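Q: Dropping a structure here in structure tokens format, bear with me for questions.
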Amino acid sequence: MTFPATRLRRLRRTGALRDLVRETRLDAGDFLLPMFVIHGHDTYEPFDGIPGHGRMTIDRAVAKAREAHAAGLGGVLLFGIPAGKDELGSEAWDDEGIVQLAVRAIRDAVPELVIATDVCLCHYTSSGHCGVLHADGTVHNDESVELLTRVAVSHARAGADVVAPSDMMDGRIAAMRAGLDEEGFSDVTLLAYSTKFASSYYGPFREAADSTPQSGDRKSYQMDPANGREAVRESVADADEGADMLMVKPALAYLDILYRVRQATELPLVAYNVSGEYAMVKAAAERGWIDERNVQLETLLGMKRAGADVIITYAALEAAAWLAPTPA
Ligand code: PBG
Ligand code: ZN
């Protein structure tokens, strides 16, 4: 049937009707809050490019985690900034490393909160690469996988619920699953940064986490932004290797990828609303060019509509507050 019998505006006539037929809803429980942890005590160093976020010591991170839990967030995603860097990034798998200490402290303070950890080497290596850099400038896949597996196991030993490898080496999911199971962590969840693009939207994050490659770039391991079919292959490969959840990162310029991965697998799918995406909204809002609340929520909604079950976002706490029912 077509117009005039069909009138699509009928369902939009009142707010109550629109509420009734709404297809996608955001919930605070969908969000994971990224946090950056440093050694020391009672210190917070705000980031320039990620407003409202900064590096914080564990005592501050515990307070933040309490806040996240109270706001009803789905959980937190921890990034560690080590005391020092070396060639292989050895603090990354040290049981007394920054992430490991933070996981234990947050686990003690907020036992019910989902704690996810970013598993990578780039914050820890002097090269700034996500794996083992050889003299010829290549990042060695299999040597990197061996070290990254140690990192994942160490995070699990500290008490992480979810370990999330972001390195993009081949075969790391199978290796980590085997490594975790061998050490008795068969219940620890693997969230694969399965489809991660070599993106310029990571700019503010790299400044913040001090993880910019000292030479070259990440294009030999992160994906070419031009490739959609390959993006699906990456996610399907990680699913086959035993990933419990998949991810598309960044999200905003890659909603088609989210949608395609959603069609290709039944696993829970995570979108990473990255630092550059958040920074653009903040910057435009600060100039009064856009309405921050509405644009931020519309952006997150688009990611969910495209197929994301979970969204990693720097706006998690703000969005949770905006979504909270206003007392009558
Ligand atoms: C490290 C890592 C990056 C991000 C998450 N983990 C940066 C990169 O790969 O260069 C980006 C997060 C963001 O921009 O918000 N592997
Ligand atoms: Zn990395």
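Q: Would you check which residues across region 16-34 are in contact (Cβ under 8 Å) with a residue 60 or more places away in the chain and either surrounded by fewer than 10 Cβ atoms within 10 Å (Cβ to Cβ) or more than 35 Å from the chain's Cα centre (by Cα) (or both) and list them?
A: E23 - this is the single residue of region 16-34 that is in contact (Cβ under 8 Å) with a residue 60 or more places away in the chain and either surrounded by fewer than 10 Cβ atoms within 10 Å (Cβ to Cβ) or more than 35 Å from the chain's Cα centre (by Cα) (or both).
Q: In region 5-15, which residues are of a type outside the set (V, I, T) and open to solvent by less than 80 Å² (accessible area, probe 1.4 Å)? Give the steps one after another, and end with the answer.
A: Just the residues of region 5-15 that are of a type outside the set (V, I, T), to begin with: 5, 7-13, 15.
If the condition is that a residue be of a type outside the set (V, I, T) and open to solvent by less than 80 Å² (accessible area, probe 1.4 Å), then A5, G15 are the ones that fit.
Q: Of all residues in region 35-50, which are farther than 16 Å from T299 by Cβ and either open to solvent by less than 70 Å² (accessible area, probe 1.4 Å) or under 20 Å from the mean Cα position of the chain (by Cα) (or both)? Working first, answer last.
A: Keep residues of region 35-50 that are farther than 16 Å from T299 by Cβ, which gives 35-49.
Result: M35, F36, V37, I38, G40, T43, P46, F47, D48, G49.
Q: Taking only region 169-182 into account, find how many residues are farther than 14 Å from L147 by Cβ and either open to solvent by less than 30 Å² (accessible area, probe 1.4 Å) or more than 16 Å from ligand 1 (Cβ to nearest atom) (or both). Talk me through it step by step, then tell me what you get.
A: Initially, region 169-182 is screened for residues farther than 14 Å from L147 by Cβ, giving 170, 173-174, 177-178, 180-182.
Of the ones still in play, those that are also either open to solvent by less than 30 Å² (accessible area, probe 1.4 Å) or more than 16 Å from ligand 1 (Cβ to nearest atom) (or both) are 173-174, 177-178, 180-182.
Final tally of qualifying residues: 7.
Q: For region 198-224, name all the residues that are within 13 Å of ligand 2 (Cβ to nearest atom) and aromatic (F, W, Y).
A: Passing the criteria: Y202, F205, Y221.
Q: In region 192-233, what count of residues is obtained for those that are open to solvent by less than 70 Å² (accessible area, probe 1.4 Å), of a type in the set (D, E, K, R) and part of a helix (DSSP H, G or I)?
A: 1
Q: Sticking with this structure for a sec: Which of the residues spanning region 51-93 are buried (at least 22 other Cβ atoms within 10 Å of the Cβ), closer than 12 Å to T125 by Cα and aliphatic (A, V, I, L, M)?
A: Selection gives A92 alone.
Q: If you don't mind, another one. What number goes with the only condition from (1) open to solvent by 20 Å² or more (accessible area, probe 1.4 Å); (2) modelled with pLDDT under 95 that S186 does not pass?
A: Going through the list (1) open to solvent by 20 Å² or more (accessible area, probe 1.4 Å); (2) modelled with pLDDT under 95, S186 breaks only (2).
Q: If the requirement is being out of contact with any His (no Cβ under 8 Å at 6 or more places or on another chain) and on the phi > 0 side of the Ramachandran plot, which of these qualifies: G288, G302?
A: G288
Q: Something else: Going by the conditions given, is H129 open to solvent by 40 Å² or more (accessible area, probe 1.4 Å) and either without any contact (Cβ under 8 Å) to a residue 24 or more places away in the chain or within 16 Å of ligand 1 (Cβ to nearest atom) (or both)?
A: In short, no.
Q: From the list L148, L73, which one is away from ligand 2 (no atom under 15 Å from the Cβ) and at pLDDT 95 or above?
A: L73
Q: Taking the stated definitions as given, is G137 surrounded by fewer than 23 Cβ atoms within 10 Å (Cβ to Cβ), in contact (Cβ under 8 Å) with a residue 24 or more places away in the chain and more than 15 Å from ligand 1 (Cβ to nearest atom)? Full working, then the answer.
A: Working: surrounded by fewer than 23 Cβ atoms within 10 Å (Cβ to Cβ): yes; in contact (Cβ under 8 Å) with a residue 24 or more places away in the chain: yes; more than 15 Å from ligand 1 (Cβ to nearest atom): yes.
When the stated conditions are applied, G137 passes them.
Q: If you don't mind, another one. Mind checking which residues of region 140-156 are of a type in the set (A, V, I, L, M) and either open to solvent by 30 Å² or more (accessible area, probe 1.4 Å) or over 12 Å from D170 (Cα atoms) (or both)?
A: L147, V151, A152, V153, A156
Q: Does at least one position in region 80-88 carry a residue that is in contact (Cβ under 8 Å) with a residue 24 or more places away in the chain, within 16 Å of ligand 2 (Cβ to nearest atom) and in contact with a Pro (Cβ under 9 Å, 6 or more places away or on another chain)?
A: Within region 80-88, none of the residues are in contact (Cβ under 8 Å) with a residue 24 or more places away in the chain, within 16 Å of ligand 2 (Cβ to nearest atom) and in contact with a Pro (Cβ under 9 Å, 6 or more places away or on another chain).
Q: Is it true that V119 is away from ligand 2 (no atom under 16 Å from the Cβ), hydrophobic (A, V, I, L, M, F, W, C) and buried (at least 16 other Cβ atoms within 10 Å of the Cβ)?
A: So V119 does not fit the description; no.
Q: Which one of V132, V163 is in contact with a Ser or Thr (Cβ under 8 Å, 6 or more places away or on another chain), of a type in the set (A, V, I, L, M, F, W, C) and within 13 Å of ligand 2 (Cβ to nearest atom)?
A: That would be V132, the only listed residue that is in contact with a Ser or Thr (Cβ under 8 Å, 6 or more places away or on another chain), of a type in the set (A, V, I, L, M, F, W, C) and within 13 Å of ligand 2 (Cβ to nearest atom).
Q: So which residues in region 234-256 are assigned to a helix (DSSP H, G or I), closer than 27 Å to S186 by Cβ and not hydroxyl-bearing (S, T, Y)?
A: Within region 234-256, E234, V236, A237, D238, A239, D240, E241 qualify.
Q: I've got another one for you. Given the criteria touching a Lys or Arg at 6+ places or on another chain (Cβ under 8 Å), closer than 23 Å to V76 by Cβ and either of a type outside the set (S, T, Y) or buried (at least 19 other Cβ atoms within 10 Å of the Cβ) (or both), does K249 qualify?
A: In short, yes.
The values are calculated or read from the model by the stated rules, or taken from the named source; none is laboratory data. Owing to the predicted nature of the structure, the values given are computational and were not obtained by experimental measurement. Cβ atoms come from the backbone with ideal geometry, glycine included; neighbour counts cover every protein chain shown. Calculation scope for accessible area: heavy atoms of the full protein, side chains included, ligands and nucleic acids excluded. Shrake-Rupley method; radii C 1.70, N 1.55, O 1.52, S 1.80 Å.
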